[in-house]
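Take a look at the structure below.
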Amino acid sequence: MGCFAAFRERCKRVRMQAYLRFATKHVRVLLIAVALILVGGVAHSVHASDGDKADVPAGKHVLMVYDGESTRGILTQKDTFGDALDEAGIDVSDVDVTEPGLDEELVAPTYDITIYRARPVVVIDGANRTKIMSPYRTARQIAEQAKLDVHDEDALRLEYSPDIVRDGALERLVIERATKFTLTFYGKKTTEYTRASTVAEMLSEKDIELGDSDRMSVSAETPIKAGMTIEIWREGKQTVTREEAVKFPVRRIEDANKPATYRKVKTPGKNGTRLVTYELVVKNGREVSKKELKSVTTKEPKEQVEIVGTKSVYTGGPLSEEQIQALGMCESGMTATRNSGNGFYGAFQFMPSTWRKVAPAPYNGVLPHQAPLDAQKQAVQTLLSRSSIHTQFPGCARKMVASGIL
C-alpha cells in the first residue's frame, strides 16, 4: 500500500528499520538500500536471494564505494564512475587509482568500485633512494610506476619502514638486484640474470642439465660474478637450430633538389627473422665446421625507404659539365669568340695575363677568344684547380649558388 503525503516521513523511518533488521546478515544489501532510501524513498524492495542486487529505478545506478576501511552506497544518474563520485563529493586525486576506471561508463544497475589511495613509498634500489606517491599494493606494480627496469630474477620486497623519520613514509620497496652475466648456450649468446652464488646453483635455477658430451668454460664450483661469461657446448658432430636476423632491404628515392650529403629515412625498416638448422662439428669448444641444412623465414623483413640527395655541391676544384656550362652562360652567354672590348675575352672572359698561365698549349700564345671552346673550358678547370671560383668569378659564383647549381 502506498504512503500518503502526511505519513511519508514516518514510512521512511519504518522502511529504514525494516532494512536494518534484514541487513544484520547482509551488510552489502543494507548499504545499497540506504543509498536508495536516502534519495527519497524510491526503493521498494531488496532481494538478498538475487545475487545481493536491489531493485533500482530505471536510468539510475547504485554504486558501492570501498574507500579504504570506509564503505558507502550512492545512487546516481551520471554516465561515468568519475562523474558519480564527483556528484557524491568523493575526491579522487590524480595519483589515486579506481577499479573500475573513472572514465568507464555506467550501464548496469549496480556496481562495486574500489578506490586505492596513493601513499608515500620509499623505493630503495641499491644506493638510490626515491620517494613516490603510489596507489599500488604489490612490489612489481610500484617498481613499474617508478619506471624501474626489473627482471624476474630480481628480489622485490615491500615492507614497513624501520625509520619513518628518515624515509618520510610508512612503507618502502627494497630491490635486491640479481647478478648480470653472459651465457653462451650451444652457440646462442644471451644476457642472463641470477641470484645464485655458484655456476652449479645457476644451472639448477635455470633447469639446465648437462649431458655426457656437454662441456663448460668454467667449473661448476665457480662463484657467480657480475659481467662473467659462461659457455656451454657439446663436443663432436651435432645438429642445432638458431634464430638469426634477416636484414631489411633499403630502397632509395633520389631527390635532385637535395645535396648529395642529404639522407632521410621516410619509412623505417625492420629486420625479419629466420630459423636456420646447421650441422656443426665442435672440438674443444670451437666450431671447426658448419653446414647449413635448412632455413625457414619466420618473419619477413620490412623494407626501409630513404630519400637521398643527388644534387652536386661544389667544394672546390674542377667543375662539372653542368656547372661549367652555367659559368659560361653567366659570363658571356657561352660565346667562345666574345671580345668585350674591355680587356676580357672568350666564353669565360679571361684576362690575357691569366689566360697565358692556364691555357693549354698551343693556345697560350693567342688571345682567349681565338681558342676553341674546349680549350677555354680546359683553361677554366686548370685555373680552378689552383684557385677558388669565388675568387676568380665572384659575381657568377654567387648567381650559381643562388640557383642551386654550385
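Whenever a residue of region 267-287 is without any contact (Cβ under 8 Å) to a residue 12 or more places away in the chain, it has no partner that is assigned to a strand (DSSP E or B) lying with C-beta atoms less than 7 angstrom away and at least six residues away or across chains. Could you please let me know if T382 is touching a residue at least 24 places away in the same chain (Cβ under 8 Å), over 24 Å from N257 (Cβ atoms) and under 56 Å from the mean Cα position of the chain (by Cα)? Yes: the conditions hold for T382. Filtering A397, A375, A336, A379 for residues that are of a type in the set (A, V, I, L, M, F, W, C) and assigned to a loop (DSSP other than H, G, I, E, B) leaves a single hit, A336. Residue check: N364 meets all listed conditions (1) assigned to a loop (DSSP other than H, G, I, E, B); (2) surrounded by fewer than 17 Cβ atoms within 10 Å (Cβ to Cβ); (3) of a type outside the set (G, A, S) but one, namely (1). Among the residues of region 382-394, write down those that are within 15 Å of Q323 (Cβ to Cβ), among the polar types (S, T, N, Q) and outside any helix (DSSP H, G or I). Result: S385, S388. Scanning region 209-234 for residues that are surrounded by fewer than 15 Cβ atoms within 10 Å (Cβ to Cβ), under 27 Å from E279 (Cα atoms) and either within 35 Å of the chain's Cα centre (by Cα) or in the same structural domain as R274 (by TED's automatic domain parsing) (or both) yields a count of 1. Pairs linking a residue in region 304-320 that is under 16 Å from S403 (Cβ atoms) and of a type in the set (F, W, Y) to a residue that is at pLDDT 80 or above and part of a strand (DSSP E or B), with Cβ atoms under 9 Å and 6 or more positions apart or on different chains, do not occur.
The requirement of being over 30 Å from L373 (Cβ atoms), loosely packed, with under 12 Cβ neighbours inside 10 Å and either out of contact with any Leu (no Cβ under 9 Å at 6 or more places or on another chain) or modelled with pLDDT under 95 (or both) is fulfilled nowhere in region 321-328; no residue meets it. One residue alone among V265, V296 is closer than 29 Å to I405 by Cβ, modelled with pLDDT of 95 or more and part of a strand (DSSP E or B), and that residue is V265. Every test in (1) outside the structural domain of V265 (by TED's automatic domain parsing); (2) touching a residue at least 40 places away in the same chain (Cβ under 8 Å); (3) touching a Lys or Arg at 6+ places or on another chain (Cβ under 6 Å) is passed by N364 save one, and that test is (2).
Every residue, every condition in (1) within 33 Å of the chain's Cα centre (by Cα); (2) closer than 16 Å to R72 by Cβ; (3) of a type in the set (A, V, I, L, M, F, W, C), yes or no:
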position: E87; (1), (2), (3): no, yes, no
position: V95; (1), (2), (3): yes, no, yes
position: T98; (1), (2), (3): yes, yes, no
position: P120; (1), (2), (3): yes, no, no
position: V123; (1), (2), (3): yes, no, yes
position: I132; (1), (2), (3): yes, no, yes
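The values are calculated or read from the model by the stated rules, or taken from the named source; none is laboratory data. For clarity, every value in this text was computed on a predicted model and none was experimentally measured. Methodologically, a virtual Cβ is constructed for each residue, glycine included, from the backbone with ideal geometry; neighbour enumeration extends over all protein chains shown.
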